[in-house]
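Engineer: Dumping the structure here so I can ask a few things about it.
The values are calculated or read from the model by the stated rules, or taken from the named source; none is laboratory data. It should be emphasised that the depicted structure is a prediction, and the values quoted were computed from it without experimental measurement. Here the Cβ positions follow ideal geometry from the backbone for every residue, glycine too, while neighbour counts run over all protein chains shown.
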Amino acid sequence: MSDAKGAGSNGSGNGRFLNPTPMLDELESGPWPSFVTGLKELAERTKKPMLRGVMDQLEYSYQTRMGYWKGGLVTVKGYGAGIITRYSMIRDKLPEASEFHTMRIQAPPGLHYKTDTLRELCDIWEKHGTGLIALHGQTGDIMLQGIEADKVQECFDELNQNGWDLGGAGAGMRTGVSCAGPARCEQACYDTLEMHEKVMKHFVGAVHRPEWNYKFKLKFSGCPNDCTNSIMRSDIAVIGMWKDSIQMDADEVDAWVEKNGMEKLVNEVVNLCPTRAISLKDGGIEIDNGNCVHCMHCLNVMPKALSPGKERGVALLMGGKSTLKVGFNAGSMIVPFKKMESEEDIEEFIDLADEIIDWWDDNGLDHERLGETIERVGMKQFLDGVGLEPSIDMVTKPRDNPYFKTKY
Amino acid sequence: MGIEVNGLAIETDDDGYLVNLEDWSKDVADKLAAAEDIDMEEEHWSVVNFLRDYYDDYQIAPAVKVLTKAIAKERGLDKKAASEFLYGLFPSGPALQACKIAGLPKPTGCV
């Protein structure tokens, strides 16, 4: 290994805590905020050698165009998942970052925190680990980045005593994700927060003890805006839905037109409807609800004038996933509408999810997501296997792009 | 690193797994289990023996899923109860701890 400039000199340069990192510095020169700035500030403030080592190692990686992290085995007692291990392959060269494990911590429904719980979390984390936090990773977890293996248990114990729990990893149920829901959003068609909490409590064992074919994700979006991106990222996407007509407040429509003008109404609402279900009428609009595909565009543009219908519930889309193997998939519409108002409704959802997971666990191959199993064995076999009656309202994939089209 | 059993020095890796799988014996298993704070009872042995038989047959450690199902079948439990049973025996997880005690190679993957 060549002795690359700036790496491994243990902070002796220039009387500063950090070593020179010229290539990382380049990332700070662009127009956007850089993670490098954040890392530097945190390292200078906390004087944690592990952070200095990580920056040195990243600089060295950039110079040599190679990554030097490898996985390993770290857990806490009773748990099979939740710690993402990173051991350095060049610990002889850069010993300060010989370990840099991440603890995944489950975030509360809708990402609602109290400031004092966040402060408490930061204090505990800075005591045991680096203090570096990613809110939130694509997994939906709070990612506490940078701790040594022998400090993981004590850190977990203190976090756990304060009400935090590890998130999912590996071939099991992953950390649930929900949008702000009725707490802060007028479009929510069901209580995403309550459902998130109840469902994930049922699956808590499967989060901590992974033993399925592969990962399984649940995400809860309050309306078809799908702020949690559940349709593309979860095996069962729970998306708020209404069955009847969009509610229209005629006075608010008038007020909107008064303020924004007829031109904007035509150009940005009527013409952008993907199914042409909106027409002009009496100086306002009329919606052909039978042809509405719930893209949410008109409701988003005119939030006071238009709101979701009165008969609200959820739609369940299954088989969505991100990259790897067959590639990106949007979920298929398997349950077009289901009421989600009572404890029993949530129980029914849990029973169905259990049924689906059992079927997938029995029929799926190793490293196969639900959508891939359905694609391999067929939709009919899937529906038979989980006991769902095929119906004309189910949609494997839409015939046309159901999203509104805009120019960016 | 290493352990000593019946006067013989046995080599282990950084995480405490046997370097040479043929070094394994019941005494070695007891020693490995002691390092994990596990008192080997009959139920522990049944899991360890299952792992070793499986490894003999397939030259690979079983997926946790396979292990859980086998235990569920053997003991007439449902999968959830079998999983809790396994973690009760091996608190750091059957994949990590039971494989180590059974003298199997270190499991790979992201758990």
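Engineer: Can you say whether residue A:378 is without any contact (Cβ under 8 Å) to a residue 60 or more places away in the chain and of a type in the set (Gly, Ala, Ser), as far as the supplied structure shows?
Structural biologist: yes
Engineer: If you don't mind, there's one more thing I want to ask. If residue A:321 satisfies every condition in (1) among the basic types (Lys, Arg); (2) touching a residue at least 60 places away in the same chain (Cβ under 8 Å); (3) not assigned by TED's automatic domain parsing to the domain that holds residue A:222 but one, which is the exception?
Structural biologist: For residue A:321, the exception is condition (3).
Engineer: State which residue pairs qualify: first residue free of Cβ contacts under 8 Å to residues at least 40 places away in the same chain and inside the stretch A:149-163, second residue surrounded by 13 or more Cβ atoms within 10 Å (Cβ to Cβ) in any location, beta carbons under 6 Å apart, and separation of 6 or more residues or different chains.
Structural biologist: Correct list of pairs: A:151/A:128; A:158/A:124.
Engineer: Could you tell me whether the stretch A:199-221 includes any residue that is of a type in the set (Ser, Thr, Tyr), more than 14 Å from chain B (Cβ to nearest Cβ), buried (at least 23 other Cβ atoms within 10 Å of the Cβ) and assigned to a strand (DSSP E or B)?
Structural biologist: yes
Engineer: Looking only at the stretch A:93-114, which residues are farther than 22 Å from residue A:167 by Cβ and away from every other protein chain (no Cβ under 14 Å)? Spell out how you get there, then give the answer.
Structural biologist: Step one: list which residues in the stretch A:93-114 are farther than 22 Å from residue A:167 by Cβ, which gives A:93-98.
Scanning the stretch A:93-114 gives A:93, A:94, A:95, A:96, A:97.
Engineer: Picking from B:100, B:65, B:106, B:69, which residue would you name as being more than 30 Å from residue A:69 (Cα to Cα) and charged (D, E, K, R)?
Structural biologist: B:69
Engineer: Quick check on my filter: what residues within the stretch A:61-81 are in contact with a Leu (Cβ under 8 Å, 6 or more places away or on another chain), farther than 16 Å from residue B:14 by Cα and within 9 Å of another protein chain (Cβ to nearest Cβ)?
Structural biologist: Answer for the stretch A:61-81, where residues must be in contact with a Leu (Cβ under 8 Å, 6 or more places away or on another chain), farther than 16 Å from residue B:14 by Cα and within 9 Å of another protein chain (Cβ to nearest Cβ): A:76, A:79, A:80, A:81.
Each row is one residue, and each column tells you yes or no for (1) in a loop (DSSP other than H, G, I, E, B); (2) closer than 30 Å to residue A:199 by Cα.
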position: A:23; (1), (2): no, no
position: A:45; (1), (2): no, no
position: A:73; (1), (2): yes, yes
position: A:113; (1), (2): yes, yes
position: A:116; (1), (2): no, yes
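Engineer: Condition first: under 21 Å from residue A:184 (Cα atoms) and touching a residue at least 60 places away in the same chain (Cβ under 8 Å). Can you find one or more residues in the stretch A:272-294 that meet it?
Structural biologist: Within the stretch A:272-294, one or more residues are under 21 Å from residue A:184 (Cα atoms) and touching a residue at least 60 places away in the same chain (Cβ under 8 Å).
Engineer: Out of B:12, B:68, which single residue is in contact with an Asp or Glu (Cβ under 6 Å, 6 or more places away or on another chain) and hydroxyl-bearing (Ser, Thr, Tyr)?
Structural biologist: Unique residue meeting the criteria: B:68.
Engineer: Can you find a residue in the stretch A:335-358 that is hydrophobic (A, V, I, L, M, F, W, C), touching a strand residue (DSSP E or B) at 6+ places or on another chain (Cβ under 8 Å) and closer than 14 Å to residue A:375 by Cα?
Structural biologist: no
Engineer: Another question about this same structure. Are any residues in the stretch A:149-197 closer than 17 Å to residue A:237 by Cβ and assigned to a helix (DSSP H, G or I), and if so, which ones?
Structural biologist: Selection gives A:181, A:192, A:193, A:195, A:196.
Engineer: Out of curiosity, is residue A:234 modelled with pLDDT of 95 or more, surrounded by fewer than 24 Cβ atoms within 10 Å (Cβ to Cβ) and out of contact with any Pro (no Cβ under 9 Å at 6 or more places or on another chain)?
Structural biologist: Working: modelled with pLDDT of 95 or more: yes; surrounded by fewer than 24 Cβ atoms within 10 Å (Cβ to Cβ): no; out of contact with any Pro (no Cβ under 9 Å at 6 or more places or on another chain): yes.
So residue A:234 fails the test.
Engineer: Tell me the residue from A:137, A:181, A:167 that is crowded, with 16+ Cβ neighbours inside 10 Å, assigned by TED's automatic domain parsing to the domain that holds residue A:73 and under 16 Å from the mean Cα position of the chain (by Cα), please.
Structural biologist: Unique residue meeting the criteria: A:137.
Engineer: While we're on this one: Is there a residue in the stretch A:206-215 that is at pLDDT 95 or above and out of contact with any Asp or Glu (no Cβ under 9 Å at 6 or more places or on another chain)?
Structural biologist: no
Engineer: A follow-up question, please. Please give the number of the condition residue A:349 fails out of (1) more than 21 Å from the chain's Cα centre (by Cα); (2) within 18 Å of residue A:236 (Cβ to Cβ).
Structural biologist: Single failed check for residue A:349: (1).
Engineer: Does residue A:97 satisfy being out of contact with any helix residue (DSSP H, G or I) (no Cβ under 8 Å at 6 or more places or on another chain), in contact (Cβ under 8 Å) with a residue 24 or more places away in the chain and crowded, with 17+ Cβ neighbours inside 10 Å?
Structural biologist: Taking the combined requirement at face value, the residue does not satisfy it.
Engineer: Condition first: part of a helix (DSSP H, G or I) and in contact with a His (Cβ under 7 Å, 6 or more places away or on another chain). Can you find one or more residues in the stretch A:340-351 that meet it? Lay out the reasoning, then the answer.
Structural biologist: Filtering the stretch A:340-351 down to residues part of a helix (DSSP H, G or I) leaves A:343-351.
Checking which are in contact with a His (Cβ under 7 Å, 6 or more places away or on another chain) leaves us with A:350.
Yes, the stretch A:340-351 has at least one match.
Engineer: Taking helices (runs of 4 or more DSSP H) that fall entirely within chain B, which contain at least 2 residues that are out of contact with any helix residue (DSSP H, G or I) (no Cβ under 6 Å at 6 or more places or on another chain) and within 12 Å of chain A (Cβ to nearest Cβ)?
Structural biologist: Correct list: B:64-75, B:79-89.
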